[in-house]
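Below is one structure. I have some questions about it.
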Amino acid sequence: MLGKIVKSHGLRGEVKVVLPGGMPENLSLPGIHLRLADGRLLPAVFRGGRPVRGGYLFRVKGYEDVNQVAPLIRAEVVIRAADLPLLDDDEYYHFQLLGLQVRDVSGDELGELVEILSTGAHDVYCIRGEAGDELLVPAVSRFIVKIDTAAGSMVVDSRLLREEG
């Protein structure tokens, strides 16, 4: 999932899209679809795109007014993984990281990567343990030792976090 349409904006058919990965340029890729609440997939072409608080405003080709976009509210913006541009070896799409099981270099299980916070400098991974406690880990090589998406795991060096804090 690249994002989600959360509401309409104005009378001319603009929609507000929340993009967890913060990459509005991905909505110009071929192969974009909307997954409606009933599970149907509709091909979609997004136009424009300007930042607003909490997301981006877009127009969807073929939807020209507020009444036409109403059924699109809460639709997920999706694309097949095979249609996404290839990334460098040390880069990942957010959907590849969310849900990874995270452990420390010492072997201790820390929890699941449940959220990725986008900051100005770098992303921050939110890892939630079994007891509901959360650990915030900067997404930089100093703290991230290994990511294995095929195995569904990530290894971090939390000792460095304690030294920083």
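The values are calculated or read from the model by the stated rules, or taken from the named source; none is laboratory data. Predicted model, so just to flag it, every value in this text is computed and none were measured. A quick note on method: Cβ atoms are made from the backbone with ideal geometry, for glycine too, and the neighbour counts reach across all protein chains shown.
If a residue must be of a type in the set (Asp, Glu) and assigned to a strand (DSSP E or B), how many such residues does the stretch 102-160 contain?
Count: 7.
Right, next: Cβ-Cβ distance below 8 Å, separation of 6 or more or different chains: which pairs start in the stretch 31-44 with a residue that is farther than 10 Å from ARG74 by Cα and end on one that is of a type in the set (D, E, K, R)?
Sorted first by the residue in the stretch 31-44, then by its partner, the pairs are GLY31/ARG80; GLY31/ASP83; LEU41/ARG35; ALA44/LYS61.
Regarding LEU19, is this residue of a type outside the set (S, T, N, Q), touching a Phe, Trp or Tyr at 6+ places or on another chain (Cβ under 7 Å) and within 29 Å of MET154 (Cα to Cα)?
yes
Now for a different question. For the list (1) surrounded by 16 or more Cβ atoms within 10 Å (Cβ to Cβ); (2) at pLDDT 95 or above; (3) over 30 Å from HIS9 (Cβ atoms), I need the number of the one condition that VAL69 fails.
The number of the failed condition is (3).
Yes/no per residue for (1) among the small types (Gly, Ala, Ser); (2) touching a residue at least 12 places away in the same chain (Cβ under 8 Å):
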{"residue": "LEU87", "(1), (2)": "no, no"}
{"residue": "TYR92", "(1), (2)": "no, yes"}
{"residue": "GLY99", "(1), (2)": "yes, yes"}
{"residue": "ASP104", "(1), (2)": "no, yes"}
{"residue": "VAL114", "(1), (2)": "no, yes"}
{"residue": "LEU117", "(1), (2)": "no, yes"}
{"residue": "CYS126", "(1), (2)": "no, yes"}
{"residue": "ILE144", "(1), (2)": "no, yes"}
{"residue": "ALA151", "(1), (2)": "yes, no"}
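Are any residues in the stretch 98-143 over 16 Å from the mean Cα position of the chain (by Cα), under 27 Å from GLY55 (Cβ atoms) and β-branched (Val, Ile, Thr), and if so, which ones?
Residues satisfying the conditions are VAL137, VAL140.
Kindly indicate whether ARG50 is assigned to a strand (DSSP E or B) and of a type in the set (D, E, K, R).
For ARG50, the condition - assigned to a strand (DSSP E or B) and of a type in the set (D, E, K, R) - is met.
Let me ask something additional. With (1) within 25 Å of ALA81 (Cβ to Cβ); (2) buried (at least 16 other Cβ atoms within 10 Å of the Cβ); (3) aliphatic (A, V, I, L, M) as the list, and LEU135 as the residue in question, which single condition is left unmet?
Going through (1) within 25 Å of ALA81 (Cβ to Cβ); (2) buried (at least 16 other Cβ atoms within 10 Å of the Cβ); (3) aliphatic (A, V, I, L, M) one by one, LEU135 breaks only (1).
Quick one: PHE95 ticks every box in (1) of a type outside the set (S, T, N, Q); (2) under 16 Å from the mean Cα position of the chain (by Cα); (3) closer than 25 Å to ALA150 by Cβ; (4) part of a loop (DSSP other than H, G, I, E, B) except a single one, so which number is it?
If we test PHE95 against (1) of a type outside the set (S, T, N, Q); (2) under 16 Å from the mean Cα position of the chain (by Cα); (3) closer than 25 Å to ALA150 by Cβ; (4) part of a loop (DSSP other than H, G, I, E, B), just (4) comes out false.
Could you tell me which numbered condition ASP88 fails, if it satisfies all but one of (1) over 21 Å from the mean Cα position of the chain (by Cα); (2) within 27 Å of GLY3 (Cβ to Cβ)?
Of the numbered conditions (1) over 21 Å from the mean Cα position of the chain (by Cα); (2) within 27 Å of GLY3 (Cβ to Cβ), the odd one out for ASP88 is (1).
Yes or no: ALA151 modelled with pLDDT of 95 or more and out of contact with any Phe, Trp or Tyr (no Cβ under 8 Å at 6 or more places or on another chain)?
yes
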